[in-house]
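Reading through the structure tokens given below for one structure.
Since every read-out is calculated from the coordinates, none of them should be taken as a lab result. This one's a predicted model, so the numbers in the text were calculated from it and none came from an experiment. As a convention, Cβ positions derive from the backbone with ideal geometry for all residues, glycine included, and neighbour counts pool all protein chains shown.
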Amino acid sequence: MLHLPSLAACVLVTCIAGAARADVPNPLLGDWARTRTGCVRPELSFAAVTAVIRLDADGTPVLFRYPTVTYRLSDGSVTADMGRRHPLARTPDKFALHFVISAPEHAVLQLRNGKTLSYTRCTPDKHP
């Protein structure tokens, strides 16, 4: 019972520190591609607790499903904790993807060594 106050303090700090909250919309939710024409088959799809990564391996489409994704929202950025290893090799974290949302329709994936990869939101008007 002596640890109950410290546990409550940890929960409070987590809420204040920017964990995903129901009252803050997640700007990463939806389909994303590197180009407008890529929206025919979006590379990334994020939902409230799931995600899908679609890649081409030597011309063969490969699909990676993530059934338990959690998000951390923080001042213009979103980190998607995929719940297990993801296939994007050049990212700093093997289990999470960190995006800077530069505009409602534009997300920038943070890669290693200060490099980035830009994505555009796929909306019905962006499909070719």
**Study point:** Geometric extent, Cα atoms of segment 21-126 - Rg, Dmax (angstrom)
**Key:** 13.1, 42
Study note, to complete from the structure: Total charge of the residues flanking Pro61 in space, meaning their Cβ is under 10 Å from its Cβ, with Lys and Arg +1 and Asp and Glu -1, is +1
Exercise for review: Place the peptides 76-88, 59-71 in order of packing, highest mean first, counting for every residue the other Cβ atoms within 10 Å and averaging per peptide.
Suggested key: 76-88, 59-71
